Amino acid sequence: MGNTKTNSQLAKLIRERRAVKKGYNDKEVTKETVLEILEDAIWAPTHGMRQPWRFIFVGKDQLPAFAKKVAATYPSERQQNREDYLNEPNAILVVVMDEPELQKEWEENYGAVACMIQNFWLLAWERKLGAVWKTNPHIQDPKVKEILHVKPNEKIVSFLHLGYFDEAPAPKARISVEDKFSTYEG
């Protein structure tokens with residue numbers, strides 16, 4: 001059962017998608033391309049049609065100044081490392097989520113945003129646009145929220161690092177679903 005392959009194009013895309021962390025080429029990631037992908041990605045499931053996301057695009061031209069500002073929120077001995085790290089992708093898409101007071105709605109919003117990010121990732125992959133979902137400590141930093149004008153009732157869910165690639169990363173093995181599956185028997 002675990003080795004069963006399907007011929008579905010969607011299943012193939014899901015299995016082939018990888019996190020592209022490095023090895024980006026010089027092709028520019030444009031705002032227009034990101035907007036096109038988002039137009040389809042936002043069709044993710046969303047409780048109550050809250051659509052609890054918004055996006056901040058940092059293109060190649062703005063990336064060095066942005067990286068310097070975010071890196072400045074770290075202790076001085078880590079700043080150059082963080083600046084270099086944030087300059088690796090060709091663009092960054094910051095994904096911001098509405099944070100409601102009710103825990104149930106918060107979890108529903110986070111689930112919707114995660115689904116939307118997966119949609120984005122798959123749609124980007126089809127275009128050979130690599131992405132990786134980053135959750136480094138700076139996404140929690142109030143100073144970074146201030147840099148990005150993130151409101152008090154919002155959470156930065158991800159810095160999606162983006163860049164076109166020539167060679168896809170190798171797949172990593174998955175634990176068999178049979179090892180993670182059980183049947184409730186009362």
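The values are calculated or read from the model by the stated rules, or taken from the named source; none is laboratory data. From a predicted model like this one, the values you see are computed outputs, not experimental measurements. Note that we place each Cβ from the backbone using ideal geometry, even for glycine, and neighbour counts take in every protein chain shown. Accessible surface areas use protein heavy atoms only, side chains included; no ligands, DNA or RNA. Shrake-Rupley method; radii C 1.70, N 1.55, O 1.52, S 1.80 Å.
Among the residues making up segment 140-158, those that are in a helix (DSSP H, G or I) and open to solvent by 10 Å² or more (accessible area, probe 1.4 Å) are Q140, P142, K143, K145, E146, I147.
Flag set for P89, criterion: in a loop (DSSP other than H, G, I, E, B) and touching a His at 6+ places or on another chain (Cβ under 7 Å). Selection of segment 27-39 for residues being touching a residue at least 24 places away in the same chain (Cβ under 8 Å) and more than 20 Å from D98 (Cα to Cα) yields K27, E28, V29, T30, K31, T33, V34, I37. Taking segment 20-52 as the range and being modelled with pLDDT under 90 and open to solvent by less than 100 Å² (accessible area, probe 1.4 Å) as the test, only G23 passes. Criterion applied to W125, W133, W121 was being open to solvent by 60 Å² or more (accessible area, probe 1.4 Å) and touching a strand residue (DSSP E or B) at 6+ places or on another chain (Cβ under 9 Å), and the one residue passing it is W133. Y85: open to solvent by less than 50 Å² (accessible area, probe 1.4 Å) and in contact with a Leu (Cβ under 7 Å, 6 or more places away or on another chain), yes or no? Against the criterion (open to solvent by less than 50 Å² (accessible area, probe 1.4 Å) and in contact with a Leu (Cβ under 7 Å, 6 or more places away or on another chain)), Y85 does not qualify.
For segment 61-82, the set of residues classified as in contact (Cβ under 8 Å) with a residue 24 or more places away in the chain and either open to solvent by 90 Å² or more (accessible area, probe 1.4 Å) or part of a helix (DSSP H, G or I) (or both) consists of L63, F66, K69, V70, R82, listed by residue number.
If I filter segment 159-186 down to residues being touching a residue at least 24 places away in the same chain (Cβ under 8 Å) and more than 21 Å from W121 (Cβ to Cβ), which single residue comes out as surrounded by the fewest Cβ atoms within 10 Å (Cβ to Cβ)? Per the criteria, the residue is E178. The residues in segment 159-180 that are assigned to a strand (DSSP E or B) and either of a type in the set (S, T, N, Q) or at pLDDT 95 or above (or both) can be counted, and the count is 6. Quick check: anything in segment 79-97 of a type in the set (D, E, K, R) and touching an Asp or Glu at 6+ places or on another chain (Cβ under 7 Å)? No, that holds for no residue.
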